[in-house]
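Student: This is the structure, below, for whatever I ask next.
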Amino acid sequence: MAKSNPKRDIELLYEIGTLRFIDRTWKQYFQGGQNLAEHHFRVTWIALILARMEGATNTDKIMKMALLHDIAESRTGDVNYIQRQYVIRNEEQGIKDMLAVTSVEEEFLALWQEYEEKKCIEAQIVKDADNLDVDFELHEATVRGIMVVNNWRSQKIRQHVAETKLFTKSAKKLWKALEQSDPHDWHQNGRNRFTSGDWQKKP
């Protein structure tokens, strides 16, 4: 493998920055939603929570996998469930070209390959986080009035994913809790002016 070049490190960091300009293609149905940078951010947090639930201790590896799991989409683009019927992407070539001659090339290519194989617990946790992030987006779309989500729920599309695609017991448990959740609970049930501030009802 060629010696790393600081110029290539800088180029990689600029390219990583452009992920915020690439929309997840679910936007075609949601009329909103995440860009790729936002997706990576929440996947990392979901993966860390799943790691704690699963008792997985190598969180350094998990975080690195989560941060790199979809970066090849900088080169290939994201594809949704319709586009996958027509598009063939070369993500392996994309990740190799992105990381070529950078200081993280050897380590991150190996991590990406492990992630793609899904044999180790860290890769399974990150893939579960990747899938669960879709469900978070779906619930957020529901409260925005995007009705297609209700159609998918009645067709049990995401239930099928939960039952057949999630690797860990913790991810399946989190999915069930997520199904009963409201994206507004965090601020309505937390500390706010009404629950503990100047709007609080006096006894």
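Where a number appears in this text, it was derived from the coordinates with a stated rule and is not lab data. Please read these numbers as outputs of a predicted model, since none were measured by experiment. As a convention, Cβ positions derive from the backbone with ideal geometry for all residues, glycine included, and neighbour counts pool all protein chains shown.
Student: Could you give the size of the charge dipole of the range 47-141 about its Cα centre, using +1 on the Cβ of each K and R and -1 on the Cβ of each D and E, expressed in debye and rounded to the nearest 20?
Tutor: 140 debye
Student: Sorting MET63, MET147, MET98 on the 10 Å Cβ count, fewest up front, what's the list?
Tutor: Taking fewest neighbouring Cβ atoms as first place, the list is MET147, MET63, MET98.
Student: Report the full-extension gain for the segment LYS169 to LYS27: residue separation times 0.36 nm, less the Cα-Cα distance, to one decimal in nm. All intermediate terms of the calculation are to be shown ahead of the outcome.
Tutor: Working: separation 142, 0.36 × 142 = 51.12 nm, distance 2.96 nm.
The LYS169-LYS27 span can extend by a further 48.2 nm.
Student: I've got another one for you. Taking only DSSP H segments of four or more residues, each worth -39500 (n - 2.57), what value at 222 nm results for the chain once the sum is divided by all its residues, to the nearest 500 deg cm²/dmol?
Tutor: -18000 deg cm²/dmol
Student: Sorted by average packing, counted as other Cβ atoms within 10 angstrom per residue and highest first, what order do 6-12, 65-71 take?
Tutor: 65-71, 6-12
Student: Given H placed on each backbone N at 1.01 Å, which residues far from ASN35 in sequence or on other chains put an amide H within less than 5 Å of it?
Tutor: ARG24
Student: If you don't mind, there's one more thing I want to ask. In debye, nearest 20, what is the charge dipole magnitude of the range 6-183 about its Cα centre with +1 on Lys and Arg Cβ and -1 on Asp and Glu Cβ, if you could check?
Tutor: 680 debye
Student: Then there is this: Which ³J(HN,Hα) values in Hz, rounded to whole numbers, follow from the phi angles of the range 101-112 under the Karplus curve 6.51 cos²θ - 1.76 cosθ + 1.60, where θ = phi - 60° and Gly and Pro get x?
Tutor: Karplus-based 3J(HN,Hα) across the range 101-112 equals 6, 9, 6, 10, 4, 4, 5, 6, 5, 5, 5, 5 Hz.
Student: Rounded to the nearest 10 degrees, what's the angle between the helix 6-17 long axis and the longest principal axis of the chain, both from Cα atoms, 0 to 90?
Tutor: It is inclined by approximately 30 degrees.
Student: Kindly express, to the nearest 10 degrees and within the range 0 to 90, the angle between helix 59-68's C-alpha long axis and the longest C-alpha principal axis of the chain.
Tutor: 80 degrees
Student: Lysines near LYS127 by alpha-carbon distance under 23 Å, same-chain residues fewer than 8 away left out - which ones?
Tutor: Result set, ordered by chain and number: LYS27, LYS61, LYS64, LYS96, LYS118, LYS119, LYS156, LYS165, LYS169, LYS172, LYS173, LYS176.
Student: Name the residue from THR57, TRP45, ASN80 whose Cα lies farthest towards the positive end of the charge dipole of the range 1-143, charges +1 on Cβ of Lys and Arg and -1 on Cβ of Asp and Glu.
Tutor: Final value for the positive-end residue is ASN80.
Student: Here's something else I'd like to know. Where does each of 162-168, 80-86 land if you order them by average Cβ count within 10 Å, highest first? Working shown, then result.
Tutor: Details: 162-168: 15.6, 80-86: 10.9.
Peptide ranking by packing, descending: 162-168, 80-86.
Student: To continue, here is another question. Starting with the fewest neighbours, write out LYS119, LYS173, LYS202 ranked by other beta-carbon atoms found within 10 Å of each beta-carbon.
Tutor: Going from least to most buried by this count: LYS202, LYS119, LYS173.
Student: Now a separate question. What label, among (i) 8, 29, 34, 19, 8, 2, 0, 0; (ii) 10, 39, 39, 12, 1; (iii) 9, 36, 39, 15, 1, belongs to P(r) over Cα pairs in 10 Å bins from 0, in percent computed from the structure on display?
Tutor: (i)
Student: Assuming R0 = 45 Å, what is the FRET efficiency of GLU116 and ASN151, from their Cβ-Cβ distance, to the nearest 0.05?
Tutor: 0.90
Student: Taking 7 Å along the Cα-to-C-beta vector as the label spot, tell me the ILE49-TRP199 distance in nanometres, rounded to one decimal.
Tutor: Here the answer is 2.5 nm between the modelled labels.
Student: Now for a different question. I need PHE194, PHE108 ordered by Cβ neighbour count within 10 Å, fewest first.
Tutor: Details: PHE194 11, PHE108 20.
Final ranking by Cβ density, sparse to dense: PHE194, PHE108.
Student: Grab the Cα-Cα distance for SER181 and GLU106, subtract it from 0.36 nm times how many residues apart they are, and report the gain in nm with one decimal.
Tutor: Difference between extended and current length: 22.9 nm.
Student: Cα centroids of the range 31-62 and the range 73-108: how far apart, whole angstrom?
Tutor: 19 Å
Student: Which ³J(HN,Hα) values in Hz, rounded to whole numbers, follow from the phi angles of the range 26-43 under the Karplus curve 6.51 cos²θ - 1.76 cosθ + 1.60, where θ = phi - 60° and Gly and Pro get x?
Tutor: Once rounded to whole Hz, the list reads 4, 4, 4, 9, 8, 6, x, x, 7, 9, 5, 5, 5, 4, 4, 4, 6, 4.
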